[in-house]
2 protein chains.
Amino acid sequence: MTKAWDGFKGTAWQENISVGQFVQDNYTPYDGDESFLEKSTPRTTKLNEKINKLVEEMDAKGGVLDMDNAIVSNVASHKAGYVDQENEVIVGLQTDKPFKLAFMPNGGLRTAEQCLTDNGYSIDQELHDFYVKNRSTANDGIFRAYTDDIKRARHSHIVSGLPDAYSRGRIIGLYQKPALYGVDRLIAEKQQDLKKIAISSDENIRLREEIWLQIKALKDLIVLGNEYGLELDRPAENATEAVQWTYMGYLASIKQANGAASSFGRIPIFLDIYIQRDLEKGIITEFDAQELIEQLTLKLRMVRFARTDGYNELYASNPTFVTTSMAGMGADGRHRVTKTDYRFLHCLDNLGNSAEPNLTVLWDARLPESFKEYCMKMSVKHSSIQYENDKLMQEEGYGDMQCISCCVSPLNPEADKDKGETHNLQYFGARVNVLKCLLGAINGGKDDLHKNQVFDVVEPITTEYLEYEEVLEKFDKSMDWLTDTYVDAMNIIHFMTDKYNYESMQMAFLPSKVTANMGFGICGFANVVDSLSAIKHAKVKTIRDEDGFVYDYEVEGDFPRYGENDDRADDIAVMVLKMFKDKLDSHKLYKDSEATVSVLTITSNVAYSKQCGNSPVHKGPVFDENGKIVKEPEFFSPGANPSNKAKGGFLDNLASLSKLPFHYANDGISLTIQGAPKMFGKTTEEQHHNLVGILDGYFTKGGQHINLNVLNHDEVIEKIKAGIPVILRISGYCLNTKDLNEEQKMELCQRMFHEKLIG
Amino acid sequence: MTKAWDGFKGTAWQENISVGQFVQDNYTPYDGDESFLEKSTPRTTKLNEKINKLVEEMDAKGGVLDMDNAIVSNVASHKAGYVDQENEVIVGLQTDKPFKLAFMPNGGLRTAEQCLTDNGYSIDQELHDFYVKNRSTANDGIFRAYTDDIKRARHSHIVSGLPDAYSRGRIIGLYQKPALYGVDRLIAEKQQDLKKIAISSDENIRLREEIWLQIKALKDLIVLGNEYGLELDRPAENATEAVQWTYMGYLASIKQANGAASSFGRIPIFLDIYIQRDLEKGIITEFDAQELIEQLTLKLRMVRFARTDGYNELYASNPTFVTTSMAGMGADGRHRVTKTDYRFLHCLDNLGNSAEPNLTVLWDARLPESFKEYCMKMSVKHSSIQYENDKLMQEEGYGDMQCISCCVSPLNPEADKDKGETHNLQYFGARVNVLKCLLGAINGGKDDLHKNQVFDVVEPITTEYLEYEEVLEKFDKSMDWLTDTYVDAMNIIHFMTDKYNYESMQMAFLPSKVTANMGFGICGFANVVDSLSAIKHAKVKTIRDEDGFVYDYEVEGDFPRYGENDDRADDIAVMVLKMFKDKLDSHKLYKDSEATVSVLTITSNVAYSKQCGNSPVHKGPVFDENGKIVKEPEFFSPGANPSNKAKGGFLDNLASLSKLPFHYANDGISLTIQGAPKMFGKTTEEQHHNLVGILDGYFTKGGQHINLNVLNHDEVIEKIKAGIPVILRISGYCLNTKDLNEEQKMELCQRMFHEKLIG
């Protein structure tokens, strides 16, 4: 270890594996500005051009360049692949060719094969037969165990987006570990852990096998490294190796698992330590340092998974959520901004704006002003960075090495169960449509669009005008059914994923003792809150068909909406969140995980809107006799956004959001917001400065997350209509509008573009 | 159901699936003698000849005629196969050709492939690669989870014969169900069961998937039936169909699982009801009835599994334990002997003596004298029937539809958990060598043969002469370690078998709610008891090597042995059994199963003897420098047999055995005994009559099991030496001596052949 750890401080992290302790002992906070940053190296520029050309080719071919159909992807399943070997400083591809999509059937064979056929590729019949006869997938297991309630809930889209046909995602391995310790040490550590697990229960038998599989994955990781000529068995000895080893840990994980979100973690501060050491030793220059981060960034931008057309409807533009977390504050009071945070953000300038990696700044008012100003400068320029409230999340126990998974979900991958720390991984579970639940409650459990019985725990409301208390009581009972059903589905999904599609590589980078949270989500939030507000504060009349089924509503009078900074509505928002969280807390969850809630929709708000009927506050879609939509719905706003109909300016929105107690939704509360640049100031400097103040205020008051888009409405809309790509943060992630379908573009155009700070 | 159930009595079994209730309501006790029995039909004779010819061919080829290597065997994996279609009344083969062995890798790939290579067949490389990369087997899972203790225990053979590389066996499906109800009804029933299982726990999620898999297997069973032109979806409408449907249920099960014991259950009484109805209707004659049973019997005699050479060392002659249970008493006081019991036994005369099916008579002194005499007549003639104590086992809760699994293990496959009934299936677990444990205890946990440390829970004994109390204390502690380790192994094996090699077909014929026992076994029993008796009642001197390691013993003085009907030894036997059972009872077992103990070795007593050093009462093997045996050991006696050195006659042996409380070993206490015919009487009639009296006495006093061989020692030994095959009951099953290896023959020759009733 002499060479690898030469010059590093501290011994505790040497004795017991701890990336957090290593960072704490060795990182260098940076208080300066961006003036030290360098340009791209020529080879990076060449590589970037080559990749851009491949992306163009891929777009021209409809989004897919090539696909594997017969090799089941795993850590060591493929030979080495390169984009442009002589210009590649950091190597490693998901398959043997750039953008050739891997075949990953263990989550679900049908889905994996649908990916092939949706893209015009053929199915390997022999492999198909083998799977059908001899190898169950997670999807097989899940549907075997699903109850009738779950199937109805799923069919009616009141529960949707469940990860029941591919990998669950949202897990973040500590990909720094191979670099810091070398894989041999990691194997030895896992072997020690194995010895400590007695056979006292089925759980421990399962855990012993899981750890064994982790060790196998680590051994395969060494094989993968060898394939690229890398000695991953030992620790990285310099910055180049540290970047390369870390990327290999990540790459190995995504070769095995194709979850919706494959986030990268708290990497910049870690790599900064190695870069800083090499800079101080004089082995590299800033030019080299920037090259390393850009070469890594290019690899992260290349991550792709095979997806079905149906998937792309939910998650427009095939996001990979390579969320990369930076900045934040340490428990010791030092900020955690490093030069490498700047280097990552600087890629947007050097390599061009990009949706991935999903750059995430953990914000705190105490961060250096120069860094905050730089962030705002980059956001105004690129609209491709998200910000999250570091302190708020730390207070919920995610620790000062927390990192964001997917869009808004904090995790503490190194959490030690024995110390009472938690959230070292997440069992992801998409979301329920609470508006459908409310509409169902009013109709005695009937589906709001199709009138079929979905649940039967309440009698229908028969009055012409809705009474708030009655509605609330039935909504509460219906939510009981919905959470029971949702929890059942989640327990099944994660049991079966562990059984048939265990992410042994990612798990190998996590503590052996799992202390997970289980991520439950909500959509239709603003419309539920506003509907309840209308019922409470105005008069809502039911419009019924010949069967007495309520298919529409008329609101008489005015009422406050969530997002207008009016407590009458915002209190209802808090009540709904608390109701959901309390109900979830009453359940026993898989592997004793803890229920956490997110209010987040990705771009699925578009799909959800289409599967939801009229409410007191919005119009659903209109179908023809064949079930085809002839009139699009008023789209749900994304995530925890207020409805697009809410009055009030930019700051009113923020104020309403910041009233939602994070504790009730500590998996994240996502706000995606657009503001015209001029609203923030006349000059760009003024804009940057004022935006810093706005974010400081929002986060200090308790807001958790902001997708900040600084854009002019007309300009964006014009570009979209003209087919000119715009990169913007859409809902917890960033995308290029060229990848949106027509409905998604339409929804984007419906969104609120603020021009005033106060409404 | 009109036609299928026409003439059957009772309605309870029609409303709720219950084979037991159907039998209770419909069977006809038979009090007459064997004079009604008929000869074989010509087509049966032809078929038998054809099969015998195939067996000769197979023997000439070294025991295997043909093997599959690329089709993974399952319920519906193969096309129909026939031996001699025009003479086959009952159809169905394990593969598409007679005696072509199926490929069954889900228990363990290496073992399945070893079966191929041991027999000169090649491995399918593609299938091999697929399994290695994508499909774990039970064996994979088990070894991932095994602890170091288990691996050491296994390596030293102190625990051995574990079903960790093939199917576990010992489960008996209610193969009567397709005949009585038709498969469609069984599917509907399982679908109802599925609805009753809420997702309250991992266990219930697992159970839901298991029931789903059972339903899938039932659907496949219909496909298998169609392949043979049978309509298994509906109930059987006559005796031929009842036999055929029942056999198909069994066949489907053994196409999927290759456990060491694939027992058939309480079939004769069930089929008798259909035969009786057809006889009464005048659709068939006795000639036809006998044909049906013989055609079925021929199919059961053909059952074969691919086995490795190593397996054959433990279980000589590749027994399949198609144990078929008959006779016994009903709870209502009526005996359960039917004409079909006679018909099954009569096959030994008509078709020739045979090791399989493993004919098992549930004995009770109250059975009709004519039947008991007939049994004894057949035993004297064939030595191929075993007898078990019906009343004793019923008192332990196995019910009046109990049937024997493997050799001595009672089960009640229809046990209803909700009624507090138990033992509807068994989790099988081979056995531990308690003599090795005793010898290890004396040497501080060191292996008695190889001196390596196996366990470390006791200090070695250092005195020259062994003190009984000290030895007992250390033996007790060592047995704690041994049972802890054994239980861990069993919990792992059954968890992983359910995970990777679930016998969905057999389970489909069992109640959805499992209420299992877990079968723990003992070998080295007589030698442990005798060693302790020698230490207590004589003086035992230790012989040590230069390290103080005890490698031999000298006994000074005389002492009683187990089997001599001397309470001083027999009390020690009871104490050892109780100790083992009490220790097992203190553990939580997989799926809340109940520990049961068997004292049973099959032919593995030969292998165990070779893995065990000198004890105070016997000599172990002598090895040369290369670890090759140069002098064979004094072989362990089989099962619960007294040592071959025990004095006393036939009845003394029985007396000692009958003192062992069945409750401490209610998975079975196996006695295999040889008596010269003349000892039982001068004429064969006298012999039959006296033997009836002996069995009545033995079972009334509490004996559980007897493998009755009525043979002259010299005659048998001469035949064996001359290579002339003899069929005899060897240890819980029956075999043909042509299939024994040299050591096994040697052991057989060492066995006690009684010539006196009292010693």
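Summary of values
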item: Single residue of B:Lys381, B:Lys377, B:Lys372 found to be in a helix (DSSP H, G or I) and within 22 Å of B:Val23 (Cβ to Cβ); result: B:Lys372
item: For B:Tyr131: the one exception among (1) touching a residue at least 40 places away in the same chain (Cβ under 8 Å); (2) hydroxyl-bearing (Ser, Thr, Tyr); (3) crowded, with 19+ Cβ neighbours inside 10 Å; result: (1)
item: Index of the failed condition, A:Ala289 passing every other in (1) touching a strand residue (DSSP E or B) at 6+ places or on another chain (Cβ under 9 Å); (2) in a helix (DSSP H, G or I); (3) among the small types (Gly, Ala, Ser); result: (1)
item: Residue check, B:Ile461 at pLDDT 95 or above and part of a loop (DSSP other than H, G, I, E, B); result: yes
item: Subset tally (residues that are touching a strand residue (DSSP E or B) at 6+ places or on another chain (Cβ under 6 Å) and away from chain B (no Cβ under 14 Å)) for segment A:120-130; result: 1
item: Pair list, Cβ < 6 Å and 6+ apart or interchain, from segment B:583-596 residues that are within 14 Å of chain A (Cβ to nearest Cβ) to residues that are of a type in the set (S, T, N, Q) and open to solvent by less than 50 Å² (accessible area, probe 1.4 Å); result: B:Tyr590/B:Asn491; B:Ser593/B:Asn517
item: Residue list for segment A:587-616, filter: open to solvent by 20 Å² or more (accessible area, probe 1.4 Å) and either assigned to a helix (DSSP H, G or I) or touching a strand residue (DSSP E or B) at 6+ places or on another chain (Cβ under 9 Å) (or both); result: A:His587, A:Lys591, A:Asp592, A:Glu594, A:Lys610, A:Gln611, A:Asn614
item: In segment A:2-57, residue surrounded by the most Cβ atoms within 10 Å (Cβ to Cβ) [restricted to those that are over 24 Å from A:Glu189 (Cβ atoms) and aromatic (Phe, Trp, Tyr)]; result: A:Tyr30
item: Those residues of segment A:70-101 which are away from chain B (no Cβ under 14 Å), touching a strand residue (DSSP E or B) at 6+ places or on another chain (Cβ under 9 Å) and not in a loop (DSSP other than H, G, I, E, B), in sequence order; result: A:Lys100, A:Leu101
item: Residue match in segment B:540-554 (condition: more than 24 Å from the chain's Cα centre (by Cα) and among the small types (Gly, Ala, Ser)); result: yes
item: Pairs with Cβ under 6 Å, 6+ apart, first in segment B:52-71 and without any contact (Cβ under 8 Å) to a residue 24 or more places away in the chain, second of a type in the set (Asp, Glu) and in a strand (DSSP E or B); result: none
item: Of all residues in segment A:665-685 being among the polar types (S, T, N, Q) and closer than 24 Å to A:Lys391 by Cα, the one that is surrounded by the fewest Cβ atoms within 10 Å (Cβ to Cβ); result: A:Asn666
item: Verdict on A:Gly440 being buried (at least 23 other Cβ atoms within 10 Å of the Cβ) and either among the small types (Gly, Ala, Ser) or within 25 Å of A:Pro638 (Cα to Cα) (or both); result: yes
item: Qualifying residues in segment A:149-174 (those that are basic (Lys, Arg) and either buried (at least 18 other Cβ atoms within 10 Å of the Cβ) or in contact with a strand residue (DSSP E or B) (Cβ under 9 Å, 6 or more places away or on another chain) (or both)) - the one farthest from the other protein chains (Cβ to nearest Cβ); result: A:Arg170
item: Test: B:Ala112 is away from chain A (no Cβ under 13 Å) and surrounded by 23 or more Cβ atoms within 10 Å (Cβ to Cβ); result: no
item: Residue check for B:Phe475: closer than 30 Å to B:Leu348 by Cβ and among the hydrophobic types (A, V, I, L, M, F, W, C); result: no
item: Residues of segment A:365-385 satisfying the condition of being modelled with pLDDT of 95 or more, surrounded by 23 or more Cβ atoms within 10 Å (Cβ to Cβ) and either among the polar types (S, T, N, Q) or farther than 21 Å from A:Leu711 by Cα (or both); result: A:Leu367, A:Phe371, A:Ser379
item: In segment A:708-723, the residues that are touching a residue at least 12 places away in the same chain (Cβ under 8 Å) and hydrophobic (A, V, I, L, M, F, W, C); result: A:Leu708, A:Val710, A:Leu711, A:Val716, A:Ile717, A:Ile720
item: Helices (runs of 4 or more DSSP H) (entirely within segment A:468-574) containing at least 3 residues that are touching a strand residue (DSSP E or B) at 6+ places or on another chain (Cβ under 6 Å) and away from chain B (no Cβ under 14 Å); result: A:525-537
item: Wholly enclosed helices (runs of 4 or more DSSP H) of segment B:175-234 bearing at least 2 residues more than 13 Å from chain A (Cβ to nearest Cβ) and among the acidic types (Asp, Glu); result: B:183-195
item: Residue satisfying condition, being of a type in the set (D, E, K, R) and buried (at least 18 other Cβ atoms within 10 Å of the Cβ), within set B:Asp547, B:Asp566; result: B:Asp566
item: Residues satisfying the stated conditions in segment A:278-300, i.e. within 26 Å of A:Glu49 (Cα to Cα) and open to solvent by 40 Å² or more (accessible area, probe 1.4 Å); result: A:Thr285, A:Phe287, A:Asp288
item: B:Glu625 vs. criteria open to solvent by 10 Å² or more (accessible area, probe 1.4 Å) and either within 21 Å of B:Ser531 (Cβ to Cβ) or among the polar types (S, T, N, Q) (or both); result: no
item: Residue that is farthest from A:Ala239 (Cα to Cα), among those in segment A:295-351 that are in a loop (DSSP other than H, G, I, E, B) and of a type in the set (Ser, Thr, Tyr); result: A:Thr308
item: Count of residues meeting criterion [within 18 Å of B:Asp418 (Cβ to Cβ) and not charged (D, E, K, R)] in segment B:202-218; result: 3
item: Residue match in segment A:370-388 (condition: more than 24 Å from A:Gln674 (Cα to Cα) and over 15 Å from the mean Cα position of the chain (by Cα)); result: no
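The rows are residues; the columns are (1) crowded, with 21+ Cβ neighbours inside 10 Å; (2) modelled with pLDDT under 95.
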| residue | (1), (2) |
| --- | --- |
| B:Ser201 | no, yes |
| B:Ala217 | yes, no |
| B:Ile222 | yes, no |
| B:Asn238 | no, no |
| B:Ala242 | yes, no |
| B:Thr246 | yes, no |
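Conditions (1) open to solvent by 10 Å² or more (accessible area, probe 1.4 Å); (2) in a helix (DSSP H, G or I), marked per residue:
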site: A:Gln687; (1), (2): yes, yes
site: A:Val692; (1), (2): no, yes
site: A:Leu695; (1), (2): no, yes
site: A:Asp714; (1), (2): yes, yes
site: A:Ile717; (1), (2): yes, yes
site: A:Leu728; (1), (2): no, no
site: A:Lys745; (1), (2): yes, yes
site: A:Gly759; (1), (2): yes, no
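The values are calculated or read from the model by the stated rules, or taken from the named source; none is laboratory data. Being a predicted model, the structure only gives us computed values, none of them experimental. Note that we place each Cβ from the backbone using ideal geometry, even for glycine, and neighbour counts take in every protein chain shown. Calculation scope for accessible area: heavy atoms of the full protein, side chains included, ligands and nucleic acids excluded. Shrake-Rupley method; radii C 1.70, N 1.55, O 1.52, S 1.80 Å.
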